[in-house]
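Heads up, the thing below is written out as structure tokens.
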Amino acid sequence: MRAAIEAGLAQLGLDPGKGAALARYGALLLERNRVMNLTAITQPEDVATLHMLDCAALCAGFDLAGKRFIDVGTGAGFPGLVVAILRPDCAVTLLDPLEKRLRFIREVIEMLGLSNVKLLHARGEDAGRAPELRQGFDLAGARAVAPLPVLAELCLPFVRVGGRFLAMKGVDSQAELEGARALIQQLGGQPEEPWDYAVPGCQVVHRVWPIRKAGPTPEEFPRRWAKIRKNSGNFP
């Protein structure tokens, strides 16, 4: 796993010296996944590409140095924990509603001695209304499997005016963006040109939609989860 990550980091123009830390993270992920549901990806080579290098691409495509970054619905730490490892000068907040996932992330943080990560045990729709968090970040990211309207409503309230929400999606997401455009604009966002990238070491191409925060998010957003889900279309 380490060799694949190091080669991929070099291909992305990032420091391959960070490959050892990412490989330790990946190894612990697979070990803990035997007893808790952290990832459906269970082969080391796939963890290297589809988790570590896919998330590392954010650091290649966007300037994260010195920024305040929140990962909404981080799961097992993707993409935010990878960002924290690769960019020690980026202040990263990892938000997730499940404490068991955060316990795993704490283990990784302690193992790697990371000092630029904060954990937040909360639901996104609740935390997005907290005065100390609302519009308090330069960047928000999400790699959750959820429709873009849901992700935008959960993430954009955290972003300061002038910052960006980075939505990690597939290259077939143009229609999804168009369907979310009106809500994004209502939330104060303005979609920018997408960035497509090939994940090193595999045949996968993914897309990031940068959504600039052009104006403040109205106070009524984010709405309660039932309302968000009801208006999101075919989403369980």
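Tabulated results
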{"read-out": "Label-to-label distance, nm, for residues given as Asn116 and Arg229 (7 Å Cα→Cβ offset)", "value": "3.6 nm"}
{"read-out": "Stretchable slack from Thr42 to Ala20, in nm (0.36 nm times residue separation minus alpha-carbon distance)", "value": "6.0 nm"}
{"read-out": "Tilt relative to the chain, helix 174-186 - C-alpha long axis, 0 to 90 degrees, to 10", "value": "50 degrees"}
{"read-out": "Pairwise FRET efficiency - Asp196 versus Val161, Cβ, R0 = 30 Å, nearest 0.05", "value": "0.65"}
{"read-out": "Relative contact order %, the chain, counting alpha carbon pairs below 8 Å whose residues are six or more apart", "value": "16 percent"}
{"read-out": "Pairwise centroid distance, computed over Cα atoms, of the stretch 64-114 with the stretch 134-167, Å", "value": "16 Å"}
{"read-out": "Net charge contributed by nearby residues that have their C-beta within less than 12 Å of His51 (K/R +1, D/E -1)", "value": "-2"}
{"read-out": "Karplus-derived 3J(HN,Hα), 6.51/-1.76/1.60, for each residue of the stretch 51-66, Hz, glycine and proline x", "value": "10, 5, 6, 4, 6, 4, 4, 4, 6, 7, x, 9, 7, 9, 5, x"}
{"read-out": "Charge context of Ala214, other residues only, Cβ under 11 angstrom, K/R +1, D/E -1", "value": "+2"}
{"read-out": "Dipole magnitude of the stretch 62-230 about its Cα centre (Cβ charges: Lys, Arg +1; Asp, Glu -1), debye to nearest 20", "value": "380 debye"}
{"read-out": "Folded to 0 to 90 degrees: helix 99-112 orientation relative to the chain principal axis, Cα", "value": "50 degrees"}
{"read-out": "Correct option for Cα extents along the principal axes in Å [calculated from the coordinates] among (1) 43, 43, 36; (2) 46, 35, 33; (3) 49, 38, 36", "value": "(2)"}
{"read-out": "Candidate lysines - alpha carbon under 21 Å from Lys118, same-chain residues fewer than 8 apart omitted", "value": "Lys18, Lys67, Lys100"}
{"read-out": "Under 14 Å, Cβ to Cβ, from Gln11 - net charge with Lys/Arg +1 and Asp/Glu -1", "value": "-2"}
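Coordinate-derived values only; no laboratory data. Keep in mind it's a predicted model, so treat the numbers as computed, not measured. No Cβ is skipped: glycine too gets one built from the backbone with ideal geometry, and neighbour counts run over all protein chains shown.
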